[in-house]
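Structure first, commentary second.
The values are calculated or read from the model by the stated rules, or taken from the named source; none is laboratory data. Being a predicted model, the structure only gives us computed values, none of them experimental. Every residue, glycine among them, receives a Cβ derived from its backbone with ideal geometry; neighbour counts consider all protein chains shown. Accessible surface areas use protein heavy atoms only, side chains included; no ligands, DNA or RNA. Shrake-Rupley method; radii C 1.70, N 1.55, O 1.52, S 1.80 Å.
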Amino acid sequence: MRRWLVTFVLVSTVLAVVWFGVATVAAQTAGPAPYNSPRTRDGHPDLQGIWQVLNTVAWDVEDHNARLGVPAGHGVVEGGTIPYQPAALAKKQENFQNRATLDPEAKCFLPGIPRMTYMPYPFRIVQQREKITILYEYLGAVRFLYMNGNPHPKGPIEWFMGDSRARWEGNTLVVDVVHFTDQTWLDRSGNFHSEALHVVERYTPTGPNHMLYEVTLEDPKVFTRPWKMSMPLYRRQDANAELLEYECLSYLLEDAWTRPNGLPFN
Amino acid sequence: MRNPSFGAITLVAAALAVLALSLRPAAGQARFDVKTPKLPMSKTWVAYKATLPPYSPPRTPNGVPDLQGVWGGPGGAGGDDLEDHGYVDVTTPPQESYVSDPPDGRIPYTPWALTQRAAHRAGLSRGWPGETGERLYADPASYCFTMIGPRGGAGEIIQQPGSVIMVTGRVHRVIPTDGRPHVSERAKFWRGNPRGRWDGDTLVVEVTGLNGKHWLDSVGNFYSENTRMVERFRMADANTIDYELTVEDPTIYTRPWKMNYPMRRAGTGGTDNTTGKYAWRNTVTVNSDPYAREVWENTCNEGVGHTIAELHKLGFKWFSGVMPPR
């Protein structure tokens with residue numbers, strides 16, 4: 001009888017611990033019921049349309065106060081702070097001090113991934129069977145996410161927008177991006193990476209007009225560990241929404257051409 | 001129906017863009033010697049297409065003509081001189097005019113505009129008549145600016161309900177076909193504001209809102225911010241688009257005029273342009289390289305800084321469009 005009682009107590013305790021553990025894990029991973037989005041003819045979630053962020057991450061991916069012309073904003077970095085190596089943190093601070101001239105955006109260069117996604121301009125997703133094309137209003141840029149079975153081409157290759165290979169994991173479009181340059185930044189505050197950057201983007205529809213955009217960044221030359229940012233993407237609701245033009249270099253040159261020493265390229 | 005998603009492999013990195021964009025030729029141009037035979041263009045195409053049997057294009061599930069696929073540019077020497085001309089220099093071999101109407105192949109400029117074009121040419125430092133050694137404007141393509149028409153280049157056409165999408169490695173156009181109105185003429189764009197509609201087997205694209213700051217070719221042929229263009233895309237056969245571009249601007253032309261040329265489906269030969277930029281022209285490459293149908297990063301802004309600085313030092317002025325004096 002006593003042994004039965006001891007066994008009962010032990011088994012109950014174990015069951016309770018296991019149940020508690022399962023419940024905790026479930027609470028961490030389940031969240032709200034997944035959104036079952038419309039499908040394309042190929043049977044994948046249909047992410048097509050015009051999307052844009054609604055945040056201040058273009059200025060700074062971390063929490064920031066307002067400055068002249070810069071709205072204050074919440075950061076999107078998981079844990080709040082980018083895990084820079086000490087030398088990289090010093091470089092970030094130097095970048096911030098000299099951002100007016102050093103920021104690649106000031107030269108109208110392609111901004112890289114993920115920065116392109118949270119520039120304050122709309123972009124359009126176009127799905128086909130073997131590739132997804134993203135058309136960005138900013139610079140009229142085009143990005144191809146290949147799903148044709150080819151792996152990343154053999155490097156070394158340094159591209160401003162990297163090489164993107166995509167796959168579906170359930171409802172989520174997962175994009176693996178490598179082959180970057182060290183000439184792009186993450187925002188207008190000097191946050192940066194090296195050419196060793198490896199990005200994994202996850203686009204998950206959460207409703208008819210919303211997606212969750214999650215990015216993991218890994219760069220052994222700059223960060224101490226992989227880190228993550230996430231933000232919602234919003235479908236543009238304006239009835240006349242369309243991609244227009246932002247031909248950055250033409251405005252820069254037009255402005256600078258007539259000023260002595262005004263050209264940023266001299 | 002399967003959407004062909006074949007692109008062009010372009011291994012053009014930023015550094016190569018610098019090399020390609022020397023002062024005179026536009027990016028990626030071939031070099032031609034003085035014995036190059038005259039390249040065919042509008043006249044040859046108009047005569048040839050008159051011999052073709054009527055063609056009924058396949059339709060998309062939405063019932064409109066299916067223009068999808070990867071298409072070559074206009075062929076010829078890359079839009080160096082729109083009008084009929086003999087050998088000019090290594091970048092500009094003899095070639096028929098792109099202009100199909102008027103039949104003489106000449107752009108019907110007003111007297112003022114013809115004088116203006118002569119000034120553009122004399123200011124190029126390329127050996128055109130009237131040159132004084134003083135530089136005026138460089139071809140705006142030298143700064144990576146993009147344009148539609150013959151300078152729009154090769155690319156893929158993707159159709160969706162309500163829009164036709166045109167994508168090159170560098171830039172995109174989305175042409176709404178849902179009947180929406182144009183953006184007002186107050187807003188100007190390098191590639192204009194396009195609105196499409198289907199007229200039988202033809203995609204008709206009306207382009208307004210052009211900023212008038214580009215050139216139609218590299219030798220000073222121009223349009224203005226009052227110019228309206230109408231593009232017509234029609235399948236002449238399974239592998240050829242008959243492309244016609246009407247240009248209208250009473251401020252600088254005496255009458256509307258037209259360009260007309262074929263665009264060939266990638267990998268089917270024919271009137272490829274001669275730049276050799278796209279590997280899909282070479283079927284051996286396409287069949288042996290799994291990446292041959294991918295479009296890889298093709299930058300321009302990122303490598304053009306040196307060229308721009310040189311043009312600035314040489315004394316070229318900024319071209320912000322020209323209009324006749326009132």
### Query
Using a cut-off of 29 Å between alpha-carbon atoms, which lysines can reach residue A:228, once sequence neighbours fewer than 8 places away in the same chain are excluded?
A:91, A:92, A:107, A:131, A:154
### Message
What FRET efficiency comes out for residue A:99 versus residue A:74 if R0 is 22 angstrom and r is the Cβ-Cβ distance? Round to the nearest 0.05.
### Response
0.60
### Message
Taking all protein chains in place and a 1.4 Å probe, what share, in percent, of the accessible surface of segment A:88-172 do carbon and sulfur account for?
### Response
51
### Task
Please work out the FRET efficiency for the pair residue B:118 and residue B:55, using the Cβ-Cβ distance as r and a Förster radius of 51 Å; give the result to the nearest 0.05.
0.75
## Note on the structure
Under the 7 Å Cα-to-Cβ spin-label approximation, residue B:323 and residue A:258 lie apart by a distance in nanometres of 1.5
### Query
How do the peptides B:52-62, B:193-203 rank, highest first, by the average count of neighbouring beta carbon atoms within 10 Å per residue?
B:193-203, B:52-62
### Task
Multiply the residue separation of residue B:48 and residue B:230 by 0.36 nm, subtract the distance between their alpha-carbon atoms, and state the gained length in nm to one decimal.
63.2 nm
### Table column - 3J(HN,Hα) (Hz), segment A:186-194, Karplus curve with 6.51, -1.76, 1.60, x for Gly and Pro
9, 6, 8, 10, x, 5, 9, 8, 10
### Query
Going by average Cβ neighbours within 10 Å, how do the peptides A:117-126, A:46-55 rank, with the highest at the top?
A:117-126, A:46-55
### Message
Report the B-A buried area as the accessible area lost on both sides summed, probe 1.4 Å, in Å² to the nearest 100.
### Response
4200
#### Entry: Dipole in debye (nearest 20) - segment B:128-271, about Cα centre, beta carbon charges: Lys, Arg +1; Asp, Glu -1
320
